[in-house]
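Below: the structure, in structure tokens.
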Amino acid sequence: MIARASILVLALALAGCSTASYTEPITQLNQGLIVAQAGFDGLKQRVEQIDLVRSVDDQVEHGFPLTLSSCELTQDPKKDPNNCMLLLNGQPVQSSDLAPNGPKLLAAFIEYGKGLQQLAAAKDISDLNSSVDNLNSALESIAKTSGATAAQASVISSSLDLIHWFLGQYLEYKRVEALRSSIIAGDQAVQQGVPLLEAEAGTLQKIAATYEPGQLQSMVLAVSLARGEPLGQRTELERDTVSYQQSIKHLMETDPVAPFEQLKSAHAKLLVAAEASDFSASDLKTALTDFYKKAKALYDAVNK
Amino acid sequence: MPASSSKDQALLNVQIDTCADNFPTLIDQTRAKENAAISAADLATARTLDDLGITFANQYATLLKHQLKAIDDSAQMDAAIQKFAVVNQSIQTELKGIQQIKEFTDKVTQIAKIVAEGIQIALMVA
């Protein structure tokens, strides 16, 4: 009689727990993270390429010869890393890594988002435990890259014993518990990692804002200097100048730090929702949508 | 030959960081004067200012990624600190007031030279 009553009480308690409400915000968070990663990587590549061109130009001006190594058909670039390389004074031309931590952090954030998604969809306890392992590894990676030790990372408890009895609802209950503790731990990682992302994105834009208008200025002068050149050459130069101006204007008008500020704020709202087990708040959806929009704006600005 | 101290090194670092912070303004002002020269059809001056803009972009990159050389001689250290301090002072106070393109060009040519000297004394250039 007592056992039956206990089962009834447990069943009623578990009936209130569902991962269904987590699905939408987690999907939104993941979409934002993927676009933010593409935007950050695009900005980094763009700025590093401009920096490389500037560096080559500087060294050529100072008398270092720019040459090309032999270019041979090869299947394995590891065997011949200098194949088809630009050489400055005999040394391969290499770009500087102007934002070393951002790509690692964003890759770990993506893993964190994927881990949440796997957790929400876990079909059994083994699935659930493996999702928790992936999440812990992502959080440790964020903590390490942010300068904290792995031990300082918030680690999600995975003490989930196998209980076959009552498994369906028990699994759902455990999924909700693991998701809640993951989001709580994830918020600490977001607070640790995002300032570094903001700093690197800000530095990249500062460099872009200095180099790119300089290159455009030289093109503007070249248009004036080309007054006596044939119309075809002038038109080509003018077309390139106008097109480059539009690209730079778009980049200068986009705040590359904004997606990451918004990530922090959206994740804080996700944390509040997880703690209250209530994902219906409209400001959570708005915050996650804003994160996606700001990440998309960075991606578009970099790729135009 | 008195040895330079870590305090001097910290001071030099501050001057270099301030200089890097000032450089976007310097580059922006140089560009504005280049455009004024283009508008006045003074293409020779525009070209000089364009070259200076490129020089400043290269110097900015060096300042941003700066790594100090080991300077043992305190006189050398003082000279480097002094050069960056002069440049900072010029950018922050003098340049804004210069309207004449010629005067501006002379001043920024001088700045580029002092920065180059400061970089040569104090910084490793990759």
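Coordinate-derived values only; no laboratory data. Everything numeric in this text was worked out from a predicted model, so none of it was measured. We place every Cβ from the backbone using ideal geometry, glycine too, and count neighbours over all the protein chains shown.
Just add up the charged neighbours of A:G42: K/R +1, D/E -1, any other residue whose Cβ is under 13 Å from the Cβ of A:G42.
+1
Roughly how crowded by other chains is peptide B:37-49, in terms of the mean Cβ count from those chains within 10 Å of each of its Cβ atoms?
2
Within 11 Å, Cβ to Cβ, of A:G102, how many net charges do the neighbouring residues add up to if Lys/Arg are +1 and Asp/Glu are -1?
Result for the neighbourhood of A:G102: -2.
Rg and Dmax in Å for the range B:6-122, alpha carbons only: what are they?
Spelled out, the Cα radius of gyration and Dmax of the range B:6-122 are 14.9, 51 Å.
Can you give the mean number of other chain Cβ atoms that lie within 10 Å of the Cβ atoms in peptide B:57-69?
4
So the label point goes 7 Å from the Cα of A:L86 along Cα→C-beta, right? Which residues of the range A:57-78 then have their backbone N under 16 Å from it?
A:57-71
What ranking do A:H62, B:H66, A:H267 get, fewest neighbouring Cβ atoms within 10 angstrom at the top?
With the fewest neighbours first, A:H62, B:H66, A:H267 line up as A:H62, B:H66, A:H267.
If only Cα atoms are counted, what is the Rg of chain A, and what is its Dmax, in Å?
Values for chain A (Cα only, Rg and Dmax): 25.9, 102 Å.
Under a point spin-label approximation (7 Å from Cα along Cα-to-Cβ), what is the A:L68-A:Q246 distance to one decimal in nm?
The modelled label-to-label distance comes out at 3.1 nm.
Got a sec? How would B:L64, B:L49 order by Cβ neighbour count within 10 Å, fewest to most?
Ordered by Cβ neighbours within 10 Å, fewest first: B:L64, B:L49.
Within the range A:175-249, report the trypsin sites (Lys or Arg not before Pro) that DSSP leaves as loop and that have at most 16 other Cβ atoms within 10 Å.
Counting only loop positions with at most 16 other Cβ atoms within 10 Å, the trypsin sites (Lys or Arg not before Pro) in the range A:175-249 are A:R227.
Loop only by DSSP, 12 or fewer other Cβ within 10 Å of the Cβ. Give me the trypsin sites (Lys or Arg not before Pro) in the range A:47-81 that pass, ordered by residue number.
Filter output for the range A:47-81: A:K78, A:K79.
What's the magnitude of the charge dipole for the range B:6-122 around its Cα centre, counting Lys and Arg as +1 and Asp and Glu as -1 at the beta-carbon? Answer in Debye, nearest 20.
Here the range B:6-122 has a charge dipole of around 160 debye.
Summarise the partner chain shielding of A:217-229 as one whole number: the mean count of Cβ atoms from other chains within 10 Å of each residue's Cβ.
4
Just grab the label-to-label distance for A:I184 and A:A20, each label 7 Å out from Cα along the Cβ direction, in nm (one decimal).
So the label points at A:I184 and A:A20 sit 2.5 nm apart.
Tell me which of B:Q92, B:G53, B:I16 sits at the most positive position along the dipole axis of the range B:6-122, charges placed on C-beta atoms (Lys, Arg +1; Asp, Glu -1).
With unit charges placed on the Cβ atoms, the residue in question is B:G53.
For the pair A:V223/A:Q49, report the inter-label distance in nm, with labels modelled 7 Å from Cα in the Cβ direction.
2.2 nm
Most fluctuating residue of A:S69, A:S55, A:S280 in a GNM of chain A with Cα springs under 10 Å: which is it?
Most flexible of the set in this elastic network: A:S69.
Once R0 is set to 45 Å, what does the formula 1/(1 + (r/R0)^6) return for the Cβ-Cβ distance between A:E236 and A:A276, expressed as a FRET efficiency to the nearest 0.05?
0.15
Only helical DSSP H runs with n ≥ 4 go in: add -39500 (n - 2.57) per run for the protein assembly as shown, normalise by residue count and round the 222 nm mean residue ellipticity to 500 deg cm²/dmol.
That calculation yields -26000 deg cm²/dmol at 222 nm.
So what are the ³J(HN,Hα) numbers for the range A:218-226, from phi and the Karplus equation (6.51, -1.76, 1.60; θ = phi - 60°), rounded to whole Hz, Gly and Pro as x?
5, 5, 4, 5, 4, 4, 5, 6, 8
Please order A:V53, A:V35 by the number of other Cβ within 10 Å, starting at the fewest.
The most exposed by this proxy come first: A:V53, A:V35.
Once the other residues with Cβ under 11 Å from the Cβ of A:L271 are scored (Lys, Arg +1; Asp, Glu -1), what is the net sum?
+1
For the range B:102-126 and the range B:45-77, compute the distance between their C-alpha centroids and round to whole Å.
6 Å
Helix A:102-120 sits at what angle to the longest principal axis of chain A, using alpha carbons and giving 0 to 90 degrees rounded to 10?
Around 30 degrees separate the two axes.
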